[in-house]
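Structure, as structure tokens:
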Amino acid sequence: MSWFEYRNQVLCAESVSLAHIAKEVGTPLYCYSTAALKANYEEFVDAFRDRDVLIAYSVKANANQAVIATLSACGAGADVVSGGELQRALAAGVPGSRIVFSGVGKTFEELNYAINKKIFLINAESKSEIIEIEKIAKSKKRIIDIGIRLNPNTDAKTINQISTGKKEDKFGLTEKTFIELVKYAKNSKYVNLKCLSVHIGSQIVNNLPYEKMLKVIDRVIKKSNHKFEFVDLGGGIGIAYHNKTKKLNYKKYSISISKFLKNHNSKIIFEPGRSIIGDTGILISKIIYIKKTKSKDFIILDSAMNDLMRPALYGSNHKIIPVIKKGGSSKKTYEFVGPICESTDKFLTSKNFQKLKEKDLIIICDVGAYGMSLSSNYNVRPNPIEILIKGSKINIIKKRQKLIDLI
């Protein structure tokens with residue numbers, strides 16, 4: 001949250017008061033910092049600068065076109081998992097030569113569109129998908145570059161709902177099937193197998209799962225007897241949602257990759273999402289009512305689980321702070337909740353928050369990743385406005401949805 005700081009007791013995004021922003025555009029609202037976005041991207045670039053890499057930003061983390069365009073201007077590519085994300089990345093200015101198409105269920109129409117746009121790589125996850133690609137390639141008399149996704153059966157030691165690299169997960173192929181498909185692809189007239197792809201999960205802050213993953217990849221490549229021009233290591237790097245959470249040690253990860261590359265002359269693809277966008281975004285909310293009970297006070301916000309799904313979906317906790325600091329703490333326990341008719345529509349319980357009153361503004365922190373991208377219109381609630389701060393400039397990057405649009 002270094003780009004969000006208090007000045008004269010008022011929280012600011014870069015050079016702009018968040019109280020001023022809320023007054024200008026209303027709440028709830030998503031607010032992102034351009035400076036934070038660029039700083040996170042450059043930190044990632046610097047960590048792996050000594051090798052040939054493609055950093056393909058994971059669009060699913062936050063698919064706002066202004067966010068994608070900002071990163072593209074910095075040199076990022078895009079990792080997409082649907083035809084819609086692919087079209088949005090192209091519209092944001094990402095060259096097709098820097099786009100990787102992942103996902104287990106690409107339709108014929110999506111594959112055909114990707115092939116027509118001559119994107120860099122399609123990461124296939126089944127023999128059926130490769131056969132579908134071959135059909136399209138044959139009809140166009142072309143050879144299509146593909147990767148094959150391996151399931152390395154590596155536990156990322158993260159939330160079960162965002163694990164993608166264990167044998168019981170739907171993603172990737174077992175070692176045996178992977179090697180079989182390598183042989184199949186090598187004999188194909190219409191696909192060029194140039195990449196081994198993996199992705200073991202999300203919100204990873206420990207280097208050990210990545211080290212285990214690299215050992216599995218090393219073994220499988222040797223067994224496959226195929227030279228992969230690229231190895232796509234996916235993303236999944238976590239952020240520090242709380243002070244107790246450590247960030248992934250990029251230097252250690254880089255050393256592990258260097259050891260791996262001593263045996264394999266491959267270029268590396270990364271697909272970071274959360275680590276680039278996660279801590280650059282906040283959700284500003286207004287207190288509608290304070291409902292007092294004997295054990296706690298319910299702080300009822302104008303933001304709800306349809307605006308930020310992660311707490312309801314994963315049981316995740318996002319730090320909450322006031323827009324205006326008043327000092328002191330309440331003797332009451334505060335439970336921050338939304339107005340939706342679900343018991344899971346709650347964000348955080350706090351015992352040491354400053355005293356609050358109705359119409360006060362609060363901030364839900366670190367919502368840049370999987371905040372707006374997981375939002376919905378549940379309870380027929382319009383989506384919030386999104387703004388991107390650049391210095392002292394407020395840029396509206398998505399207008400607030402109007403109720404009439406939903407009726």
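A few comments on the model shown:
- Members of the range 316-336 found to be on the phi < 0 side of the Ramachandran plot and in a loop (DSSP other than H, G, I, E, B), listed by number: 316, 317, 318, 319, 323, 325, 326, 329, 330, 331, 332, 333
- When 182, 191 are checked against the criterion of being touching a His at 6+ places or on another chain (Cβ under 8 Å) and not basic (Lys, Arg), 182 stands alone in meeting it.
- So residue 60, is it among the basic types (Lys, Arg), in a helix (DSSP H, G or I) and at negative phi: yes
- When we screen 286, 351, 357 for residues that are modelled with pLDDT of 95 or more, farther than 30 Å from residue 72 by Cα and surrounded by fewer than 16 Cβ atoms within 10 Å (Cβ to Cβ), the only hit is 357.
- Residue match in the range 277-298 (condition: touching a Leu at 6+ places or on another chain (Cβ under 7 Å) and in a loop (DSSP other than H, G, I, E, B)): no
- Of the residues making up the range 219-272, those that are open to solvent by 80 Å² or more (accessible area, probe 1.4 Å) and in contact (Cβ under 8 Å) with a residue 60 or more places away in the chain number 1.
- A residue that is among the β-branched types (Val, Ile, Thr) and under 15 Å from residue 365 (Cα atoms) occurs somewhere in the range 283-302.
- For the range 93-117, a residue qualifies if it is among the aliphatic types (A, V, I, L, M) and buried (at least 21 other Cβ atoms within 10 Å of the Cβ), and the qualifying residues are 94, 99, 100, 111, 114.
- Taking the range 47-69 as the range and being within 15 Å of residue 278 (Cα to Cα) and β-branched (Val, Ile, Thr) as the test, the residues that pass are 59, 67, 68.
- Hits in the range 71-92 (condition: more than 20 Å from residue 148 (Cβ to Cβ), surrounded by fewer than 22 Cβ atoms within 10 Å (Cβ to Cβ) and not small (Gly, Ala, Ser)): 74, 87, 88, 90
- Positions within the range 297-328 being more than 22 Å from residue 238 (Cβ to Cβ) and small (Gly, Ala, Ser), in sequence order: 303, 304, 327, 328
- Only one of the numbered conditions (1) of a type outside the set (Lys, Arg); (2) assigned to a helix (DSSP H, G or I); (3) touching a helix residue (DSSP H, G or I) at 6+ places or on another chain (Cβ under 9 Å); (4) free of Cβ contacts under 8 Å to residues at least 60 places away in the same chain is violated by residue 42, and that is (3).
- Only one of the numbered conditions (1) surrounded by fewer than 21 Cβ atoms within 10 Å (Cβ to Cβ); (2) closer than 23 Å to residue 210 by Cα; (3) over 21 Å from the mean Cα position of the chain (by Cα) is not met by residue 135, and that is (2).
- Selection count where residues are closer than 14 Å to residue 304 by Cβ, touching a helix residue (DSSP H, G or I) at 6+ places or on another chain (Cβ under 6 Å) and part of a loop (DSSP other than H, G, I, E, B), scope the range 339-376: 1
- Residue within the range 392-402 that is touching a strand residue (DSSP E or B) at 6+ places or on another chain (Cβ under 8 Å), of a type in the set (Gly, Ala, Ser), more than 25 Å from residue 295 (Cβ to Cβ) and open to solvent by 20 Å² or more (accessible area, probe 1.4 Å) present: yes
- In a residue-by-residue description of the range 70-80, the property of being in contact with a strand residue (DSSP E or B) (Cβ under 6 Å, 6 or more places away or on another chain), in contact (Cβ under 8 Å) with a residue 24 or more places away in the chain and of a type outside the set (A, V, I, L, M, F, W, C) applies to at least one position.
The values are calculated or read from the model by the stated rules, or taken from the named source; none is laboratory data. Small disclaimer: the values here were computed from a predicted structure and weren't measured. Ideal geometry is used to build each Cβ from the backbone, glycine not excepted, and the neighbour counts take in all protein chains shown. Heads up: the accessible areas ignore ligands, DNA and RNA and are worked out on the full protein's heavy atoms, side chains in. Shrake-Rupley method; radii C 1.70, N 1.55, O 1.52, S 1.80 Å.
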